[in-house]
Amino acid sequence: MSRTFILVLLLLTALAPGFSSFSISVSVSPAVVTVGSPANLTCNIDMGWNGQSRDQSIFWSFKNENNDVSENCKPYNDRQYSVWQNHANCFIATQHVLTIKQVQWSQRGYWYCKYASNSSNVFLNVTIPAQMERFTGGPVSPAKRLRGNGSLLAPFDLTTSSGSGQGLRLSCRSSCSFPASRPRIRALAGVRLAPRGWRAAVASNSSSGGGCRLGQRALAVESE
């Protein structure tokens, strides 16, 4: 067999129908997931020949390629994860879906799908919604005292001589959230707000086990 014939044969084989190179890719849905909600990580594997079975394991890993959470279509912890594939035979399936049943803040980061020495990863973006946690008010000057406590039944009294010309300082704070929340204070007609700026602080979140940011704003309200 001549060298020319061998080269032609190899070229025809490479162009044969159904042939493609090996590929592995990962995607996540939804793109941004809220703490406590489910997330689906999808791994697509193309072995190059239609219907060709694999001879090595498929792994799902978190943060690094050695922190495995699933192997060959079976999660290590079925209370946290479930696995679906598009074929009953895990070694023939070309699509593998890892479902995180209730995403935690600590699971934010890169997730890996691995086959042999090949891997692909995707970033799981997790958010924590903000809740209004505290809204307080008091005199601008700590030495001053005002009648009332700021409630609906006992509003601050700025009409008396002691309250005349005295300003109020209002502050509001949200619960731990990510991205950092930006609470806003709105005034009714006839009240002038003098913004004193934003302050963001890092705080721990006991429910999620991670750090996030508090949004806080202090405003001085002056009577007119």
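Cβ separations smaller than 8 Å between residues 6+ apart or across chains give the following pairs from the range 64-82 residues that are more than 12 Å from Lys114 (Cβ to Cβ) to residues that are of a type in the set (Gly, Ala, Ser): Cys73/Ala93; Pro75/Ser82; Tyr76/Ser70; Tyr81/Ser70. Please state which one of Ser57, Ser70 is surrounded by 19 or more Cβ atoms within 10 Å (Cβ to Cβ) and not hydrophobic (A, V, I, L, M, F, W, C). Result of the check over Ser57, Ser70: Ser70.
Counting only strands (runs of 3 or more DSSP E) wholly contained in the range 73-131, the ones carrying 2 or more residues that are in contact with a Cys (Cβ under 8 Å, 6 or more places away or on another chain) and in the same structural domain as Thr42 (by TED's automatic domain parsing) occupy 81-85, 95-100, 118-127.
Filtering the range 48-63 to residues that are modelled with pLDDT under 75 and assigned to a loop (DSSP other than H, G, I, E, B) leaves Gly48, Asn50, Gly51, Gln52, Ser53, Arg54, Asp55. Exactly one residue among Ser141, Ser177, Ser161, Ser120 is among the hydroxyl-bearing types (Ser, Thr, Tyr), over 30 Å from Val103 (Cβ atoms) and modelled with pLDDT of 65 or more, and that residue is Ser141.
The values are calculated or read from the model by the stated rules, or taken from the named source; none is laboratory data. Nothing here was measured: the structure is a model prediction, and the numbers come from that model. So basically every Cβ, Gly included, is an ideal-geometry build from the backbone, and we count neighbours across all protein chains shown.
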